[in-house]
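A.B. asks: Let me begin by handing over the structure; questions about it come next.
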Amino acid sequence: MAQTPEYTALFLENVHPDADAALQSAGPVTVKRLPGSPDRAQLESEIRTASVLGIRSRTHVDAALLDAAKDLQAVGCFCIGTNQVDLTAAAERGVPVFNAPFANTRSVAELTMASIIMLMRRIPEKMFAIDRGEWLKTADGANEVRKKKLGIIGYGNIGAQLSVIASALGMHVYFYDIAPKLAHGNARPMESLGELLSECDVVTLHVPSTARTKNMIGKDEIAQMKHGAFLINQARGDLVDVDALADALKTGHLAGAAVDVFPVEPKSKDERFESPLTSCPNVILTPHIGGSTLEAQQAIGLDAAGKLSRYLHEGSTTFAVNFPEVEPGPIQPGRTRILAPHRNRPGFLRRLNDAAEQAGANVAAQFLQTDGDLGYAVADLEGELPADFFDRVRAIDGSIRVRLIKG
Ligand code: NAI
């Protein structure tokens, strides 16, 4: 009878050090760390024995790499995005992928709030002037944020967090979202984007990049904004037409902008950054660092590692990005938990139960969830299982892989 396996994790790209303890919190896992993202040959060799792969955005995980990773149980993306992983190929091989989507929410909201204050005080142009040796000591055009109108486009995690912070500073908060959202405090939902644009002193975007949001702020939308208003985009680079924004800043229709994300961003430190916004007055341009804080990195490490740990030791797939979500909870002592990702075809659960019955085991608890072509069944069995039980479950028609956890 197979025992609970001993797990090894391969952490790349300087995943936060606190991730090790979080991964080991529910049971032993040997962690191996490699700095940066190794080349393909090294990665294929290192991944052969790994039960868990922890990466950030630079390591690409495709079908061929997954095939080389015979023992791989799960992938953790210690970041927000998961584009670097072939999620379908991972699901087809019974490998759930986890990430940490909300761990940097607060960091972005804080940067946005700081940008609003800096723009409304016209700090960027004063800083540029002082660098040139000019002493621009004036109150002209400098305002407090209190009682000003903030328009938030996209009232999700970041938008809602910003709403709370801005309200605490005395701003009047308005928001526009395509989904119904509960307003925090006195924040007011707007019926349309146009209504929000024409009402607010500062407008900030916190929507994802979708077909509907691409270039959602262009020449016409900027024209609807108040003369002297401010625009902030710290969400995604394709939401704003930067040429139209640069024109509006140069003509003075907009009094300033803070932009952290761009339609074209350098892929590395060695590539030069170019944008029509660099020559504009009163702008805060930052290199896509909205969510880049030490706190966010730590939160990402704890969040992603915690999800991996729960998958290794309990089989929980809650918050997996490519897998049916099952939350079986801690396993009771004496039981054996069977984790069985499988093709979503009629009869798999029956065949799994038949295998348990033939083995003389009692099914004490059972969980099943399906999503598209993939099913994920978890069964807790009582009783001594025969030595070949693992192989019997693996041989069930539709089975993708099997893992046993001893309680
Ligand atoms: P979220 O998914 O929690 O919220 C997005 C909100 O936008 C949702 O409420 C959704 O209903 C709404 N929305 C979607 N389409 C819309 C539309 N056409 N019009 C109005 N509302 C719409 O996302 P979260 O976590 O708040 O992130 C927001 C943005 O911030 C994303 O684009 C994300 O990629 C970006 N981001 C940027 C970072 C940076 O480093 N600058 C770091 C983290 C996130």
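The values are calculated or read from the model by the stated rules, or taken from the named source; none is laboratory data. All values reported here derive from a predicted model rather than from experimental measurement. Virtual Cβ from ideal backbone geometry, glycine too; neighbours counted across all protein chains shown.
A.B. asks: Restricting the search to segment 79-131, which residues are of a type in the set (Gly, Ala, Ser), assigned to a helix (DSSP H, G or I) and crowded, with 20+ Cβ neighbours inside 10 Å?
C.D. replies: Filtering segment 79-131 down to residues of a type in the set (Gly, Ala, Ser) leaves 81, 89-91, 94, 100, 103, 107, 109, 114-115, 129.
After this cut, where a residue has to be assigned to a helix (DSSP H, G or I) as well, the list is 89-91, 107, 109, 114-115, 129.
Matches in segment 79-131: ALA90, ALA91, SER107, ALA109, SER115.
A.B. asks: Suppose we filter segment 321-375 for residues that are hydroxyl-bearing (Ser, Thr, Tyr) and touching a residue at least 60 places away in the same chain (Cβ under 8 Å); how many remain?
C.D. replies: We begin by selecting, within segment 321-375, every residue hydroxyl-bearing (Ser, Thr, Tyr); these are 336, 370.
Still in the running and touching a residue at least 60 places away in the same chain (Cβ under 8 Å): 336.
Residues in segment 321-375 being hydroxyl-bearing (Ser, Thr, Tyr) and touching a residue at least 60 places away in the same chain (Cβ under 8 Å): 1 in total.
A.B. asks: Scan the strands (runs of 3 or more DSSP E) fully inside segment 308-397 and keep the ones with 2 or more residues being closer than 24 Å to ALA22 by Cβ. Before the answer, list the steps.
C.D. replies: Working: elements: 336-343, 362-371, 374-382.
Ranges flagged: 336-343, 374-382.
A.B. asks: What are the residues in segment 16-31 that are within 14 Å of GLY76 (Cβ to Cβ) and free of Cβ contacts under 8 Å to residues at least 60 places away in the same chain, if any?
C.D. replies: VAL31
A.B. asks: If I filter segment 152-188 down to residues being in contact with a Phe, Trp or Tyr (Cβ under 6 Å, 6 or more places away or on another chain) and surrounded by fewer than 17 Cβ atoms within 10 Å (Cβ to Cβ), which single residue comes out as nearest to PRO263 (Cα to Cα)?
C.D. replies: So the residue we want is ASN157.
A.B. asks: Sticking with this structure for a sec: Check ALA340, ALA305, ALA356 and return the single one that is closer than 21 Å to PHE11 by Cα, away from the ligand (no atom under 16 Å from the Cβ) and either surrounded by fewer than 17 Cβ atoms within 10 Å (Cβ to Cβ) or among the aliphatic types (A, V, I, L, M) (or both). Can you show your working first?
C.D. replies: Working: ALA340 fails: closer than 21 Å to PHE11 by Cα; ALA356 fails: closer than 21 Å to PHE11 by Cα.
One residue alone meets the criteria, ALA305.
A.B. asks: Okay, moving on. Kindly establish whether VAL173 is within 23 Å of ALA114 (Cβ to Cβ), part of a strand (DSSP E or B) and either of a type in the set (Val, Ile, Thr) or under 27 Å from the mean Cα position of the chain (by Cα) (or both). Break it down into steps so the answer makes sense when it comes.
C.D. replies: Details: within 23 Å of ALA114 (Cβ to Cβ): yes; part of a strand (DSSP E or B): yes; either of a type in the set (Val, Ile, Thr) or under 27 Å from the mean Cα position of the chain (by Cα) (or both): yes.
So VAL173 fits the description; yes.
A.B. asks: Starting from residues that are more than 13 Å from the ligand (Cβ to nearest atom) and under 28 Å from the mean Cα position of the chain (by Cα), keep the ones in segment 188-222 and report whichever is farthest from VAL264 (Cα to Cα). Break it down into steps so the answer makes sense when it comes.
C.D. replies: First, the residues of segment 188-222 that are more than 13 Å from the ligand (Cβ to nearest atom): 188, 198-202, 218-220, 222.
Of the ones still in play, those that are also under 28 Å from the mean Cα position of the chain (by Cα) are 188, 202, 218.
Details: ARG188: 34, VAL202: 24, GLY218: 17 Å.
For segment 188-222, the residue satisfying everything is ARG188.
A.B. asks: Condition first: under 15 Å from ALA255 (Cα atoms) and of a type in the set (Val, Ile, Thr). Now tell me which residues in segment 118-139 satisfy that. Step through it out loud before you land on a result.
C.D. replies: Step one: filter segment 118-139 for residues under 15 Å from ALA255 (Cα atoms), giving 118-126, 139.
Result: ILE123, single match.
A.B. asks: Another question about this same structure. Could you list, in sequence order, the residues of segment 331-346 that are more than 14 Å from ALA395 (Cβ to Cβ) and out of contact with any Gly (no Cβ under 8 Å at 6 or more places or on another chain)?
C.D. replies: Matches in segment 331-346: PRO346 only.
Each row is one residue, and each column tells you yes or no for (1) outside the structural domain of SER163 (by TED's automatic domain parsing); (2) part of a helix (DSSP H, G or I); (3) out of contact with any Phe, Trp or Tyr (no Cβ under 7 Å at 6 or more places or on another chain); (4) modelled with pLDDT of 95 or more.
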| site | (1), (2), (3), (4) |
| --- | --- |
| LEU197 | no, yes, yes, yes |
| THR204 | no, no, yes, yes |
| SER209 | no, no, yes, no |
| ASN215 | no, no, yes, yes |
| ASP238 | no, yes, yes, yes |
| ASP247 | no, yes, yes, yes |
